[in-house]
């Protein structure tokens, strides 16, 4: 048995391995595009186990930087976790995941993400669940009459002219959304990301400029973003989306968007039937380097402290433990910093609770009751502090950024 990076001349063998290991879970084209058309791919990100002169197990790390608190953090996306049917139950996937964690530590990653159904298995290796939202929008038989023409017009996306402005919409809209990927121009245009849906469908125009866009089809919306100050463009886009769905005789439109997305509010106001919402736990997150993550978040923490006008007269220290790592936040005056002090408040929380807090999906007040059941009591001055450091935020990870 040999654990190593895949070689360039083995990519076809690796594709064959994925097809066999995943069977009908994904088409062959998806694996081919991931190997040949993903501009972020480096062969050092692909680790395999070779036995009997063939690839029998594989795991990939994809480079997917994201934002948390408006700050870029480095995230490694774990994908292609697979073992040949004849070589399963030998611990190969576990060994590869451990090797990839070491790789991510060496390469300076802060966190990791994966998608999978084997929750218990991945929890044992350090990942934990994080909620994703989706909804089903009932398509009406007819649209309600509009009060009058708005300032926006809608047309099909044209890559040759629209891409720079669409990228601006994406960057402005997602600048402070937790887990939104930091996309580079080449990523928007590579065939792998476009295959997964990184290609707008409709754009909303005003004064000759793209002010908002949606990605998807009359059956499903995967992404919807707008420029600052142009949230009303979603009203015109919603009408165009519903009209297209009606023309295609679609009964329900699937949206993989946060519950609070303004497009969903527009849909809700235009329909007689209720939108049905659901939460999925297929996304899993893991800390790779806790100290590095907090170091990067310090500017966001300090901005929140200053905005709240909080100046701590006596130092407060709160410690976080994740996958065998500890980082202590020390707050004194109007500033926070990361230190190695023994914390006054060791906050013993799970990986899921940590990311709910860090990404703003839950506040400390929302977690307090669950923590109390485990005997974790949070003094009032610390609860006030944690409310400020970890406010409610919107989080989103778009489907076309999967790996």
The stretch 135-280: radius of gyration over Cα atoms, expressed as a fraction of 2.2 N^0.38 Å | 1.01
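Using 0.36 nm per residue of separation minus the Cα-Cα distance, give me the extension gain between residue 105 and residue 136 in nm, one decimal. Walk me through the numbers before you get to the answer.
Values: separation 31, 0.36 × 31 = 11.16 nm, distance 3.93 nm.
Result for the pair: 7.2 nm of gain on full extension.
Could you tell me what percent of the DSSP beta bridges with both partners in the chain are antiparallel, to the nearest 5?
On the way: 65 of 75 bridges.
Taking every DSSP beta bridge within the chain, about 85 percent pair in antiparallel fashion.
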Average projection area in nm² (convex hull over Cα atoms of the stretch 23-122, one quarter of hull surface) | 7.7
How many nm separate the modelled label positions at residue 144 and residue 366, each set 7 Å beyond the Cα in the direction of the Cβ?
-> 2.8
For the stretch 316-393 and the stretch 31-60, what is the separation of their C-alpha centers, rounded to whole Å?
-> 38
From fewest to most C-beta neighbours within 10 Å, the residues 225, 129, 359 line up as 129, 359, 225
Rg followed by Dmax, in Å, when the stretch 101-177 is reduced to its Cα trace = 21.2, 59
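Tell me, 392, 141, 47 in order of fewest to most beta-carbon neighbours within 10 Å? Don't skip to the answer; put the middle values down first.
Working: 392 12, 141 5, 47 23.
Least crowded to most crowded, the residues run 141, 392, 47.
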Dimensions (Å) - the chain, Cα atoms, principal axes, largest first | 65, 63, 37
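Based only on the alpha carbon positions, what is the Kirkwood hydrodynamic radius of the stretch 289-389, in angstrom?
Values: mean 1/r = 0.0729 Å⁻¹.
Kirkwood hydrodynamic radius for the stretch 289-389: 13.7 Å.
May I ask you to compute the full-extension gain from residue 89 to residue 121, defined as 0.36 nm times their residue separation minus their alpha-carbon distance, rounded to one decimal in nm?
Details: separation 32, 0.36 × 32 = 11.52 nm, distance 1.19 nm.
Taking 0.36 nm per residue and subtracting the Cα distance, the gain is 10.3 nm.
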Stretchable slack from residue 158 to residue 36, in nm (0.36 nm times residue separation minus alpha-carbon distance) = 41.4 nm
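All of the numbers you see were taken from the coordinates with simple rules; none came from a lab. Because the structure is a prediction, the values reported are computed rather than measured. Please note: Cβ atoms are built from the backbone with ideal geometry, for glycine as well, and neighbour counts cover all protein chains shown.
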